[in-house]
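Data block below; observations after.
The values are calculated or read from the model by the stated rules, or taken from the named source; none is laboratory data. None of these values were measured; they are calculated from a predicted model. When the accessible area is computed, the model is the full protein with side chains, heavy atoms only, and any ligands, DNA or RNA have been set aside. Shrake-Rupley method; radii C 1.70, N 1.55, O 1.52, S 1.80 Å.
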Amino acid sequence: PAWCLLAREDSKVAVVSIRGTDVLKSRGGDIFTDCQRGEPQAACVDGSGLAHCGVLASAHEVAKELRPALHCLADAGYQIVCVGHSLGGAVAALLVHLLRDGAENQRLPRGAELVHGIGYGVPAAVDLSFSELLSPAFVSVVNSMDFVPRLGETALKRLSLDIRSSSEKCQP
């Protein structure tokens, strides 16, 4: 997904903003990320913490692109805040994890002190244990009327079955 890096020298804060799903601007790439199901992948170095494989792949790509700039900012003592909406929020959450606790070549020096994030309307992209692991560093803000963050795999399966059942009842 597309991202923007902003930094304020006076406050020593840098913000990585990751945009949400935009099928047209991404030339269809966001649909690939959204729909790339496969088996959830372990996101933590120790093999724990399951994450949506498309979102995890996107977070790795953003981390790779930003790593040189973020290392310079971290070395200069900047707080790094990763933010995003919807799909961008899910990528931001996993980017926070990679920068704080990822493999040694991914994490930032003092990453646990310097890196935090905020997501808005983040879809369910990680399992409960991984979500709890991220909670000290990442806040997810959800509007009470937004159903997307509540659509986990179980809810989607149930919705699919309900739609099929209703469709069958309506056919002659």
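For region 109-142, enumerate the residues that are open to solvent by less than 20 Å² (accessible area, probe 1.4 Å), over 9 Å from the mean Cα position of the chain (by Cα), among the hydrophobic types (A, V, I, L, M, F, W, C) and within 21 Å of Ala2 (Cα to Cα). Val115, the sole residue that qualifies. For region 96-116, the candidate set comprises residues that are within 12 Å of Val15 (Cα to Cα) and in a helix (DSSP H, G or I); within that set, the residue that is modelled with the lowest pLDDT is Leu114.
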